[in-house]
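The structure under discussion appears below in the form of structure tokens.
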Amino acid sequence: MRKITTVFVLAIVGVTSIVVSISTAAQIAISANDGKVMMVDGVNTPRPDPLPDTVSIIDLRSSPPKIVAEVFAPASVAGPTSSAAIAPDQSIALVTASARIDPNNPKESIPNDQLSVIDLKSSPPRVLASLHAGLGASGIDINRAGTLALVANRGEGTVSVFSIAAKTVTPVGKIDLLGGPDSMPSQVMFAADGKRAFVSCNSANDNRVAILSVNGTKVDYVRNDATSFYVGLRPYGMDINPAGDLAVIANIGAGMMGGTDIVSLVDLNASPIRAIDQIAVGPVPEGISVSPNGKFVAVTVMNGTNASRASGYFHDFGVLKILRLEGKKLSIAAEEKIGHWCQGAAWTPASDTVLVQCMVEQEIQLFHFDGKTLRQTGAIKVKGGPGGIRTSR
């Protein structure tokens with residue numbers, strides 16, 4: 001394969017001045033960093049001195065992984081950690097912003113609907129377009145063909161549909177999940193063949209995963225027993241293994257007051273689709289990511305770090321759990337302490353390093369994994385709190 005090189009240059013206005021050469025074949029991650037909020041005694045609170053939101057572009061083939069560019073773009077910690085997506089050809093990234101500071105009351109956050117299109121091949125990378133999805137625009141996914149994107153809108157109970165042609169992203173419609181805002185659609189993921197997509201409905205009044213049918217740019221949902229399945233209390237983050245036959249779904253239960261929560265394993269080839277295994281991981285599993293080799297699942301567990309220190313639920317560390325995915329069963333492979341209010345997890349291409357976003361520390365913590373044990377090897381500092389992460393396929 002012929003190797004083409006793109007040069008990323010960060011100008012003075014781009015936060016940091018740096019020049020790095022990256023092969024287009026290299027794998028990258030993007031981290032969406034929320035500079036507007038902080039944790040104050042268990043409450044997500046607007047900062048009195050807000051920083052600009054940024055998107056960090058991380059070279060995963062570097063050892064250790066490192067930031068090679070940063071772009072100013074709206075982001076938000078509110079919602080699941082898959083609030084960013086990278087096109088299969090790595091030409092663009094899409095980042096949602098589910099919340100913004102109320103311009104009439106800087107001490108409050110209000111829902112946002114913004115979707116940023118970032119050109120990853122320009123030098124330096126830049127925002128190409130700012131589009132509108134729906135209120136509370138949260139989880140996002142791009143199909144494997146790179147022609148369609150879906151955004152789950154937590155604030156209005158819809159899924160926005162966008163077509164993709166090269167670097168042009170165009171809104172083409174919205175799907176009503178028939179539960180209104182109470183359905184709280186959070187994460188959306190395309191099936192491997194692109195003919196279906198799955199939406200976690202995070203409301204305690206809903207608790208389902210909706211199945212959308214996809215035909216070109218036409219996306220449909222008709223609610224019935226065949227277009228939903230159930231995995232646990234308040235399904236939230238999800239990921240699909242490289243083979244496309246299994247999904248893992250993090251269920252956040254009743255939040256910090258609900259005790260330990262579960263991760264469910266779902267057989268996507270079963271008819272009807274159903275959960276086939278589950279495992280307890282601790283209080284509030286936030287980020288979830290299947291390793292590129294398909295053998296492991298990384299899960300970030302809040303473990304009370306987002307609770308008030310005066311409550312009986314507070315712990316002074318989160319937990320990174322590595323689950324072994326063997327056949328159609330989940331088991332605990334390893335675990336290690338992580339920081340506070342930690343969000344997404346991502347793997348390097350070799351499946352030997354896990355990146356964990358920690359909001360309070362404003363860093364992405366790095367853990368080496370040898371198949372049996374975890375060991376922290378360093379951290380990547382970011383500007384603001386890292387709240388959403390995605391890798392290129």
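In region 280-305, which residues are among the polar types (S, T, N, Q) and out of contact with any Gly (no Cβ under 6 Å at 6 or more places or on another chain)?
Of all residues in region 280-305, those among the polar types (S, T, N, Q) come to 289, 291, 293, 300, 303, 305.
289, 291, 293 - these are the residues of region 280-305 that are among the polar types (S, T, N, Q) and out of contact with any Gly (no Cβ under 6 Å at 6 or more places or on another chain).
Please go through region 267-286 and pick out each residue that is within 13 Å of residue 323 (Cα to Cα) and not aliphatic (A, V, I, L, M). It would help to see each step written out before you state the result.
As a first pass, look at region 267-286 and keep what is within 13 Å of residue 323 (Cα to Cα): 277-282, 285.
Hits for region 267-286 are 277, 278, 282, 285.
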Among 206, 182, the single one that is open to solvent by 60 Å² or more (accessible area, probe 1.4 Å), touching an Asp or Glu at 6+ places or on another chain (Cβ under 9 Å), in contact (Cβ under 8 Å) with a residue 12 or more places away in the chain and not in a strand (DSSP E or B) is 182
Can you tell me which condition residue 172 does not meet? The list is (1) under 21 Å from residue 74 (Cβ atoms); (2) among the hydrophobic types (A, V, I, L, M, F, W, C); (3) touching a Ser or Thr at 6+ places or on another chain (Cβ under 9 Å), and all the others hold.
(1)
State all residues of region 218-236 that are over 30 Å from residue 302 (Cβ atoms), assigned to a loop (DSSP other than H, G, I, E, B), touching a residue at least 40 places away in the same chain (Cβ under 8 Å) and out of contact with any strand residue (DSSP E or B) (no Cβ under 6 Å at 6 or more places or on another chain); if no residue qualifies, say none.
223
Which one of these does residue 210 not meet: (1) within 30 Å of residue 294 (Cα to Cα); (2) modelled with pLDDT under 95; (3) not acidic (Asp, Glu)?
(2)
Quick check: anything in region 230-252 surrounded by fewer than 22 Cβ atoms within 10 Å (Cβ to Cβ), polar (S, T, N, Q) and within 22 Å of residue 136 (Cβ to Cβ)?
no
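Strands (runs of 3 or more DSSP E) wholly in region 282-393 with at least 3 residues that are open to solvent by less than 10 Å² (accessible area, probe 1.4 Å) and of a type outside the set (Ser, Thr, Tyr) - which ones?
Numbers: elements: 285-290, 296-301, 318-326, 329-338, 342-347, 353-358, 363-369, 374-381, 385-391.
Hits in region 282-393: 296-301, 318-326, 342-347, 353-358, 363-369, 385-391.
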How many residues of region 43-55 are in a loop (DSSP other than H, G, I, E, B) and under 13 Å from residue 386 (Cβ atoms)? The answer is 2
Flagged in region 56-74 as touching a residue at least 60 places away in the same chain (Cβ under 8 Å) and not in a strand (DSSP E or B), in numbering order, are 60, 61, 64, 65
Taking region 254-273, which residues are within 23 Å of the chain's Cα centre (by Cα) and part of a helix (DSSP H, G or I)?
255, 256
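Please determine, by comparing only the residues of region 33-44 that are of a type outside the set (A, V, I, L, M, F, W, C) and open to solvent by 40 Å² or more (accessible area, probe 1.4 Å), which one is farthest from residue 308 (Cα to Cα). I'd like the intermediate steps shown before the answer.
The first filter runs over region 33-44 and keeps only residues of a type outside the set (A, V, I, L, M, F, W, C), leaving 33-36, 41-42, 44.
After this cut, where a residue has to be open to solvent by 40 Å² or more (accessible area, probe 1.4 Å) as well, the list is 41, 44.
On the way: 41: 5, 44: 11 Å.
It comes out as 44.
Quick one: how many residues across region 98-157 are of a type in the set (Lys, Arg), over 15 Å from the mean Cα position of the chain (by Cα) and open to solvent by less than 70 Å² (accessible area, probe 1.4 Å)? Break it down stepwise before answering.
To start, the set of residues in region 98-157 that are of a type in the set (Lys, Arg) comprises 100, 107, 121, 126, 144, 154.
From what's left, over 15 Å from the mean Cα position of the chain (by Cα): 100, 107, 121, 126, 144.
Imposing the further condition that a residue be open to solvent by less than 70 Å² (accessible area, probe 1.4 Å) reduces the set to none.
Residues in region 98-157 being of a type in the set (Lys, Arg), over 15 Å from the mean Cα position of the chain (by Cα) and open to solvent by less than 70 Å² (accessible area, probe 1.4 Å): 0 in total.
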Select the strands (runs of 3 or more DSSP E) contained entirely in region 120-159, then report the ones holding at least 2 residues which are touching a residue at least 60 places away in the same chain (Cβ under 8 Å).
137-142, 148-153
Residue satisfying condition, being farther than 25 Å from residue 34 by Cα and either out of contact with any Pro (no Cβ under 9 Å at 6 or more places or on another chain) or at pLDDT 95 or above (or both), within set 294, 385, 344
294
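The values are calculated or read from the model by the stated rules, or taken from the named source; none is laboratory data. It should be emphasised that the depicted structure is a prediction, and the values quoted were computed from it without experimental measurement. No Cβ is skipped: glycine too gets one built from the backbone with ideal geometry, and neighbour counts run over all protein chains shown. With ligands, DNA and RNA removed, areas are computed over all heavy atoms of the protein, side chains included. Shrake-Rupley method; radii C 1.70, N 1.55, O 1.52, S 1.80 Å.
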